[in-house]
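Participant: So that we are looking at the same thing, I have put the structure below in structure tokens.
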2 protein chains.
Amino acid sequence: MTDDPRTARRARRHDPGRRDRLIDAALHVIAERGVAGTTHREIARVADVPLGSMTYHFSSLDEVLAEAFTRHAAAAAEVFDERLGAATDRDSAIEAVITLIRDDLIGSPNDLVMAVELYVAAARKPALRAVTQGWMQRSRDALERHFDPTTARELDALIEGLVLHSVLSTDPMTPDQIRHAVERYLR
Amino acid sequence: MTDDPRTARRARRHDPGRRDRLIDAALHVIAERGVAGTTHREIARVADVPLGSMTYHFSSLDEVLAEAFTRHAAAAAEVFDERLGAATDRDSAIEAVITLIRDDLIGSPNDLVMAVELYVAAARKPALRAVTQGWMQRSRDALERHFDPTTARELDALIEGLVLHSVLSTDPMTPDQIRHAVERYLR
DNA sequence: CATAGCTATGTACGCTCGTACACATGACCT
DNA sequence: AGGTCATGTGTACGAGCGTACATAGCTATG
């Protein structure tokens with residue numbers, strides 16, 4: 001946007017540009033090294049900013065983590081929305097779910113790693129619990145556009161389990177196996 | 001209890017079962033504080049042994065974690081075996097699965113925490129991947145005593161997802177909801 | 001230009017960590 | 001009994017961490 005220093009008579013009290021970049025860098029580090037390997041120094045290194053910048057923009061490391069996970073969860077939930085929003089009837093919703101699992105979830109294992117990292121982190125840090133629950137709620141809401149609440153909840157759990165086991169297993173599920181599992185449950 | 005330091009210390013001087021007790025202490029610490037909070041010093045404190053004892057019995061902290069997770073996975077898999085071993089026909093196997101989820105999995109959330117901690121740890125430490133896979137394999141094997149391999153795999157995933165979402169959610173699933181989900185899939 | 005005040009940085013402190021290693025101890029053999 | 005040596009312990013070291021904080025730099029104003 002307006003990077004021109006001469007803009008705005010009113011002083012910009014805050015520079016969201018850098019803060020955003022730091023959150024993105026944090027996401028990158030979490031995915032790469034895990035929450036355990038996520039430190040002020042590592043994030044600063046990745047974002048190419050001085051260490052002091054971390055404490056300036058965030059009051060603690062937990063705050064960085066919370067913001068990073070929130071951003072990731074929002075992006076992930078949006079994928080759910082998009083896939084399912086395109087569906088018009090129940091059959092195409094089923095197809096959307098299968099595509100979602102195959103392409104967006106199993107297809108990018110980093111997202112699963114992020115999810116599991118979040119689950120673990122949330123178990124110890126109450127601030128992150130709300131993020132987890134908001135994420136789950138949003139994916140359930142998306143499913144409820146096409147399925148009744150009970151089905152949505154169970155289907156959501158099934159998807160999570162399928163993705164988790166598929167990614168962690170030595171032999172990932174084939175698209176046909178995914179289709180089989182989802183259809184068996186839904187029909 | 002003999003709290004006299006000299007007595008206790010002398011008694012501990014030669015302690016063949018110490019390694020085992022350290023692994024149990026490690027399990028306790030992992031469940032309590034997470035892998036991130038599991039340190040040589042904390043394990044030693046819980047087990048009431050000197051710090052040096054850790055490096056004597058284990059060549060690294062990763063080795064402690066690996067042994068602890070292996071032990072936990074074995075115990076968890078045994079629960080699967082017992083529940084399902086008691087079943088004689090398909091219907092009682094379904095009941096066994098429902099009981100397993102309700103009483104052993106959702107009923108003791110610590111086990112779920114351990115599982116997720118293991119998943120995260122395994123993502124970064126190859127030595128732990130074999131533990132995860134062995135665990136999954138054993139629960140699938142147990143299910144295959146009563147269901148065909150495809151069903152066993154899908155059911156295993158469904159169980160994992162149900163437990164995960166139930167425990168992490170603000171409103172845990174009721175026994176009836178669990179029964180509904182499992183029966184809907186299996187019948 | 002001078003100045004004031006907000007933004008941003010470099011550095012240092014206190015702490016915890018994993019690990020190494022010199023040394024103490026006591027069980028067992030002869 | 002006395003010596004040997006695996007078993008077990010206490011301590012110290014260097015690295016990396018989160019965070020605090022004095023101050024440098026810039027920009028809007030007078």
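Participant: Can you find a residue in region A:167-183 that is away from chain B (no Cβ under 11 Å), in a loop (DSSP other than H, G, I, E, B), in contact (Cβ under 8 Å) with a residue 24 or more places away in the chain and out of contact with any strand residue (DSSP E or B) (no Cβ under 8 Å at 6 or more places or on another chain)?
Facilitator: yes
Participant: Is it the case that B:R71 is modelled with pLDDT under 95, more than 24 Å from A:V35 (Cβ to Cβ) and surrounded by fewer than 20 Cβ atoms within 10 Å (Cβ to Cβ)?
Facilitator: Against the criterion (modelled with pLDDT under 95, more than 24 Å from A:V35 (Cβ to Cβ) and surrounded by fewer than 20 Cβ atoms within 10 Å (Cβ to Cβ)), B:R71 does not qualify.
Participant: Just the residues that are open to solvent by less than 10 Å² (accessible area, probe 1.4 Å), under 18 Å from B:A96 (Cβ atoms) and in contact with a His (Cβ under 9 Å, 6 or more places away or on another chain), please, taken from region B:139-163.
Facilitator: Those that are open to solvent by less than 10 Å² (accessible area, probe 1.4 Å), under 18 Å from B:A96 (Cβ atoms) and in contact with a His (Cβ under 9 Å, 6 or more places away or on another chain): B:A152, B:E154, B:D156, B:A157.
Participant: Let me ask you something else. Consider B:V64 carefully, then state whether it is away from every other protein chain (no Cβ under 14 Å), within 12 Å of DNA strand D (Cβ to nearest atom) and of a type in the set (A, V, I, L, M, F, W, C).
Facilitator: no
Participant: Pick from region B:34-70 the residues that are outside any helix (DSSP H, G or I) and more than 8 Å from DNA strand C (Cβ to nearest atom): which of them is nearest to B:V113 (Cα to Cα)?
Facilitator: It comes out as B:G34.
Participant: Is there a residue being open to solvent by less than 50 Å² (accessible area, probe 1.4 Å), within 16 Å of DNA strand C (Cβ to nearest atom) and outside any loop (DSSP other than H, G, I, E, B) anywhere in region B:124-138? I'd like the intermediate steps shown before the answer.
Facilitator: Here is the first cut: in region B:124-138, the ones open to solvent by less than 50 Å² (accessible area, probe 1.4 Å) are B:128, B:131-132, B:134-136.
Applying the additional criterion that residues be within 16 Å of DNA strand C (Cβ to nearest atom) yields B:128.
When the remaining residues are screened for being outside any loop (DSSP other than H, G, I, E, B), the result is B:128.
Yes, there is a match, as at least one residue in region B:124-138 is open to solvent by less than 50 Å² (accessible area, probe 1.4 Å), within 16 Å of DNA strand C (Cβ to nearest atom) and outside any loop (DSSP other than H, G, I, E, B).
Participant: Pull out all pairs, ordered by first then second residue, where Cβ-Cβ is under 7 Å, the residues are six or more apart or on different chains, the first lies in region A:106-125 and is over 18 Å from B:P109 (Cβ atoms), and the second is among the small types (G, A, S).
Facilitator: From residues that are over 18 Å from B:P109 (Cβ atoms), the pairs are A:I106/A:S166; A:N110/A:A31; A:D111/A:A76; A:V113/A:A31; A:V113/B:A123; A:M114/A:A31; A:E117/A:G34.
Participant: From the list B:L162, B:L143, which one is facing chain A (nearest Cβ under 8 Å), in contact with an Asp or Glu (Cβ under 9 Å, 6 or more places away or on another chain) and either of a type in the set (D, E, K, R) or touching a residue at least 60 places away in the same chain (Cβ under 8 Å) (or both)?
Facilitator: Unique residue meeting the criteria: B:L162.
The values are calculated or read from the model by the stated rules, or taken from the named source; none is laboratory data. Only a predicted model underlies this, so the values are computations on that prediction, with no experimental measurement involved. Note: ideal-geometry Cβ built from the backbone for every residue, glycine included; neighbour counts use all protein chains shown. Calculation scope for accessible area: heavy atoms of the full protein, side chains included, ligands and nucleic acids excluded. Shrake-Rupley method; radii C 1.70, N 1.55, O 1.52, S 1.80 Å.
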